[in-house]
Amino acid sequence: MKSLWNDEEARQFQGDLGPRVYTSRLLGRDKSLVLHGGGNTSVKIREKNLFGEEETILYVKGSGWDLETIEPQGFSPVRLAHVLRLAGLPALSDPEMVNQLVTHMLKASAPAPSIETILHGLMPQKFVDHTHADAVLSVSNTKDGEKRVREVYGKRCVVIPYLMPGFELARYCAGEFKRHGTSETMGMVLLNHGIFSFGETARESYERMIELVTLSEKYLESRRAWSLALKSSTCSAPGAEAQAGLRRRLSDAAGAPLILRTVTNERTLGFAAHPELARVSQQGPATPDHVIRTKRTPMLGTDVARYCEDYRRYFGEHAPRAKEPKAILDPAPRVVLDPAFGLAAAGRTAKDAAIVAEIYDHTIDVILRAEALGGFQALPAKDIFDVEYWDLEQAKLKKGGNPIPFAGETALVTGAASGIGKAMVSALLSRGAAVVGLDLDARIETLHSRPDFVGLRCDVTEERQVRSSLDQAVLALGGIDMLVLNAGVFPASRRIAELPAEEWRKAMTVNLDANLLLLRACHPFLKLAPRGGRVVVIGSKNVSAPGPGASAYSASKAGLNQLARIAALEWGADRIRVNTVHPNAVFDTGLWTDEVLEQRARQYGMTVEEYKTNNVLKTEVTSRDVAELAAEMCGPLFSKTTGAQVPVDGGNERVI
Ligand SMILES: [Zn+2]
């Protein structure tokens, strides 16, 4: 492992906290050190308070912050003297510990300090870094892990047996550090949990972390337990319908829609076909912290009911021993290993599912290396249960605020690169849905760079392209719960007497035939939507009030309108709602340049402003107006409505 320290970069981090922010980010950048909110760092700084008195403030990573992206305000400033006084108490409950730390911060708006704050405070050095490095866990999570860790680190690290994070662990570490620490000590290994390093400067503490982790890497290398290849498996890729069915069963078990991300590659297929899979995968996570995201064990195969039964048994076995009464979490697995598709990761959002997949990817490394070293051995189930059902960890999860309306749900939008389609993507994302956008335009691929958006180039008139896009969408997100039929063409004005058959056919192919293909191909997925499927058709005012010169457009949209009404009739029994919005005169789309607008306005003897607001309400209709209404139609407000057609046109006399 290499130090990522760079003088030039480091210079950009000024002030007392600057270097602490910088090296925290360096740790966060390397996923084999910490993953998503894991690990924590601190620095002790002498400061003058409002009264001119000097005191030492412990700046420690605040909960909810990720080391990779932490900012100065991500550190909670706690009075060190109070932390040390707390450490002297004979006992302190977790909720009281949190209360004491939060009420002894300098800034009311700072995040709650890390659960390991007292431990950071008790370490005498100015800078303290803590990670869950893969390499250290690989050595530690073995049958004779303690012996091996001592062999690797000698006097460099104090070795602490596993204890649950919190007050007791902090006090125990401080005691051991006093007893066994020497001038050569530069860190501390917490068996089956992770590693600490210390230093007088940010750089020293960070580079000691790199040095210490490298020692574990070298140890693994010297025992041929570092680079390990998995035997590739030749199973065929899963069908999208099978994955959507699995996601539905997982969502039902979780009591809420989940995103399911399938990762099928040589590595995941190879691991899922590991000859000792049941033994190595069913012991527990690489470090207890992961349990919150991954649950204690992955599900092997796809029998969700059986997994849930086992999970309830695990809860029933350990809950009675807890100090306070515990309420069971949903029993659905978050990691699935199956020889047919490798790995699938479930989460309440696409981001959560991506995090689960990444954590398990690292878990595979830890397991394989520990196996090569002499046998992977995780903590007993009891210890993992204590962390999974720890009040403080539960609080972290509950902090998410009010659930967003489409959390865990997925949507597919056609013609999504611009205009109403693009606004539709934003409206759905802002309501928490994960969205797949299809478009002919290559800009779709880079429309958003976030885990809950997949942009695919696709010609929706080509059935094969549609099917392949749906397969990709379902493997990335688990299903299609909402379908927005938006893609369409608006041919140039032409009277019937002069209309070439070619133009007529093009309008029919894009505006009508393609939507039949999409509806047909999406039906099995919409049927499996955990909360019932929803289709929104972006229609047109022209359906009820056509205009001369727009025969191809009006006829194709009218055909689509009938198709949608019949879909509403046929699919109601499958819990699929089909509704239509009829926009008119939406000018903020790519089709309408300033020039065209002026031309049209002049034609009608109006100003551009008059032309844009030429409706009953004298108001302009934007893509966003259309998209917001269409998104609402997928939500609970319209849950009892299907087959509806709602105008969004500012009021049109011919329609009214
Ligand atoms: Zn930790």
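Some values worked out for this structure:
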{"item": "Of all residues making up the stretch 408-420, the number that are farther than 19 Å from residue 462 by Cα and open to solvent by less than 10 Å² (accessible area, probe 1.4 Å)", "result": "4"}
{"item": "Members of the stretch 292-306 that are away from the ligand (no atom under 16 Å from the Cβ) and either under 23 Å from the mean Cα position of the chain (by Cα) or open to solvent by less than 10 Å² (accessible area, probe 1.4 Å) (or both)", "result": "295, 296, 297, 298, 299, 300, 302, 304"}
{"item": "Options 340, 346; residue that is within 30 Å of residue 628 (Cα to Cα) and either modelled with pLDDT under 95 or within 23 Å of the chain's Cα centre (by Cα) (or both)", "result": "346"}
{"item": "Of residues in the stretch 271-291 being of a type in the set (A, V, I, L, M, F, W, C) and open to solvent by 30 Å² or more (accessible area, probe 1.4 Å), the one nearest to the ligand (Cβ to nearest atom)", "result": "278"}
{"item": "Criterion violated by residue 200 - all others in (1) within 16 Å of the ligand (Cβ to nearest atom); (2) closer than 19 Å to residue 122 by Cα; (3) open to solvent by 10 Å² or more (accessible area, probe 1.4 Å) satisfied", "result": "(1)"}
{"item": "Selection status of residue 443, closer than 19 Å to residue 519 by Cβ, open to solvent by 20 Å² or more (accessible area, probe 1.4 Å) and either basic (Lys, Arg) or in contact with a Phe, Trp or Tyr (Cβ under 8 Å, 6 or more places away or on another chain) (or both)", "result": "no"}
{"item": "Test: residue 330 is in contact (Cβ under 8 Å) with a residue 60 or more places away in the chain, under 30 Å from residue 130 (Cα atoms), open to solvent by 20 Å² or more (accessible area, probe 1.4 Å) and among the charged types (D, E, K, R)", "result": "no"}
{"item": "Selection status of residue 220, part of a strand (DSSP E or B), open to solvent by less than 20 Å² (accessible area, probe 1.4 Å) and more than 16 Å from the ligand (Cβ to nearest atom)", "result": "no"}
{"item": "Options 92, 27, 101: the member that is open to solvent by less than 10 Å² (accessible area, probe 1.4 Å), away from the ligand (no atom under 16 Å from the Cβ) and not in a strand (DSSP E or B)", "result": "101"}
{"item": "Tally, over the stretch 137-156, of residues that are open to solvent by 10 Å² or more (accessible area, probe 1.4 Å) and either within 16 Å of residue 67 (Cβ to Cβ) or out of contact with any Phe, Trp or Tyr (no Cβ under 8 Å at 6 or more places or on another chain) (or both)", "result": "8"}
{"item": "Residue list for the stretch 108-136, filter: open to solvent by 40 Å² or more (accessible area, probe 1.4 Å) and within 30 Å of the chain's Cα centre (by Cα)", "result": "108, 109"}
{"item": "Selection from the stretch 423-440 of residues that are in contact with a strand residue (DSSP E or B) (Cβ under 8 Å, 6 or more places away or on another chain) and either touching a residue at least 60 places away in the same chain (Cβ under 8 Å) or buried (at least 22 other Cβ atoms within 10 Å of the Cβ) (or both)", "result": "424, 425, 428, 433, 434, 435, 436, 437, 438, 439"}
{"item": "Test: residue in the stretch 39-51 that is within 14 Å of the ligand (Cβ to nearest atom), buried (at least 24 other Cβ atoms within 10 Å of the Cβ), within 20 Å of residue 79 (Cα to Cα) and not β-branched (Val, Ile, Thr)", "result": "yes"}
{"item": "All positions within the stretch 628-646 that are over 13 Å from residue 531 (Cβ atoms) and touching a residue at least 12 places away in the same chain (Cβ under 8 Å)", "result": "628, 629, 630, 631, 633, 641, 642, 643, 644, 645, 646"}
{"item": "Matching residues in the stretch 177-192 - criterion: being touching a residue at least 24 places away in the same chain (Cβ under 8 Å), over 33 Å from the mean Cα position of the chain (by Cα) and not in a loop (DSSP other than H, G, I, E, B)", "result": "177"}
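Let's see how each residue does on (1) over 36 Å from the mean Cα position of the chain (by Cα); (2) open to solvent by 10 Å² or more (accessible area, probe 1.4 Å):
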| residue | (1), (2) |
| --- | --- |
| 509 | yes, yes |
| 513 | no, yes |
| 517 | no, yes |
| 521 | no, no |
| 530 | no, yes |
| 541 | yes, yes |
| 547 | yes, yes |
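The values are calculated or read from the model by the stated rules, or taken from the named source; none is laboratory data. Not measured: the values here are computed from a predicted model. Ideal geometry is used to build each Cβ from the backbone, glycine not excepted, and the neighbour counts take in all protein chains shown. Protein only, heavy atoms only, side chains kept; ligands, DNA and RNA dropped before computing areas. Shrake-Rupley method; radii C 1.70, N 1.55, O 1.52, S 1.80 Å.
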